[in-house]
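For reference, the structure discussed in these notes is given below.
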Amino acid sequence: SAGVTGGGGDFVFTSSDGTTKLDHEIEKYASSSGELWAWVEVPTLSVTQDTTLYVYYGGPSSGATNQNPTGVWTEYGGVWHLGENPTATCAGTKEICDSTSNDNDGDAVAMESGDQVAGKIGGSLNFGGTDENVAIPDPANGSLDFGTDSFTYSVWTKKTRNVNWEVFFGKSNAGIDNKRYTMECNGTPYCYIELSDGTTSQQPVSFEGVGRTSLNEWVYLTVVIDNTANIAYAYKNGALYQEGSFGSLGALSNDHALNIGSSGNGTYHLIGGLDEARVSVSGIIRSADWIKTEYNNQNKPSTFASLSGTQVQIRTAAGLKIGTTAST
């Protein structure tokens, strides 16, 4: 199954009825081996029984239009798989692409092609701790700015050694107004979440164990900021690690870039790997069940989903199509 351009354009995913097409995005497809990494937006996932999906492939006509990445990530301000070659552009002049409709694509700063390495899911970026980072310009539509709205953000990280002050992921100032929301570590090593509206800076929750006991292993970090109850939740590998309260805050980020692998003023560079960085849209509070399910799915897919045998479907209705793939 090669599709029109060898990119697997003829794949189609459906719900359990076999005909209702589901939005999907292919992160990786190797026609030589058949390896496929795809993200599929499933409307409902039952907690009591298995959910069945179908994948069709090998149709007589095909095309990349079967994919709809922006339909998969409608509740996100930005989704960066970090699987691109950081020296090759993927959208305009940008090297690191956002899969949402917000087009929050980023510049890979001082990165080399060798910084694209095998990650937790597909490819990932390895940061050397000197001058490398990914900078996503502040979007005019405000999709990465947060005032008094709740929001969720997450990333896979693999720290390879401890250094003084390093930032995984988040918006921070470039000497502009001191507003930020970040995941970062200091030299203790002590990792925490920092929120600042330019006047007040707070650290309501931490990931202390990440800096001290999780070197050279992939760790999934999720932060939920509930601005209604003024409570922050830190999740590590799908489980609640810590929760803490914070005082009232104004806008957390305006007029500066979101940075992956460093702070916004060219300092505090990460040494280690990052994969699957995501920011949900304003008002989205991911539940503990959602976060646990995300981790179970991404950490070891073979224990989360199983594949049945192949079925060959012969259809008698000429011109029947699922997506853009014709089948007779």
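Before moving on, here are some points about what is shown:
- Helix content alone sets the calculated 222 nm mean residue ellipticity of the chain: runs of n ≥ 4 DSSP H residues at -39500 (n - 2.57) each, divided across all residues, give -2000 deg cm²/dmol.
- Heavy atoms of the protein chains alone define the surface here; on that basis the chain has 45 Å² accessible area per residue at 1.4 Å probe size.
- For the chain, with +1 on Lys and Arg beta carbons and -1 on Asp and Glu, the positive-most of Ala257, Asn237, Trp80 along the dipole: Asn237
- Dipole magnitude for the range 48-203: about 420 debye, using +1 per Lys or Arg Cβ and -1 per Asp or Glu Cβ, origin at the Cα centre.
- Lysines whose Cα lies under 16 Å from that of Lys179, excluding same-chain neighbours fewer than 8 positions away: Lys171
- Residues of type lysines that Lys158 reaches as a straight line, Cα spacing below 17 Å, ignoring anything fewer than 8 places off in the same chain: Lys120, Lys236, Lys300
- For the chain, the residue among Val117, Thr310, Gly283 whose Cα projects farthest onto the positive side of the dipole built from Cβ charges is Thr310.
- Nearby aspartates and glutamates by direct alpha-carbon distance to Lys159 (threshold 14 angstrom, same-chain neighbours under 8 apart not counted): Glu184, Glu208, Glu217, Asp275
- Averaging Cα coordinates gives a centre for the range 217-257 and one for the range 104-175; these two points are 16 Å apart.
- Per-residue SASA entry for Tyr241, accessible area with 1.4 Å probe, Å² rounded to 10: 90
- Environment charge of Gly266, counting only residues whose C-beta is closer than 12 Å and scoring Lys/Arg +1, Asp/Glu -1: -2
The values are calculated or read from the model by the stated rules, or taken from the named source; none is laboratory data. Computed from a predicted model, the values in this text were never measured in an experiment. FYI the Cβ positions are ideal-geometry reconstructions off the backbone, even for glycines, and counts take in every protein chain you see. The protein model used for the area step is the full one, side chains on, heavy atoms only, and it has no ligands, DNA or RNA in it. Shrake-Rupley method; radii C 1.70, N 1.55, O 1.52, S 1.80 Å.
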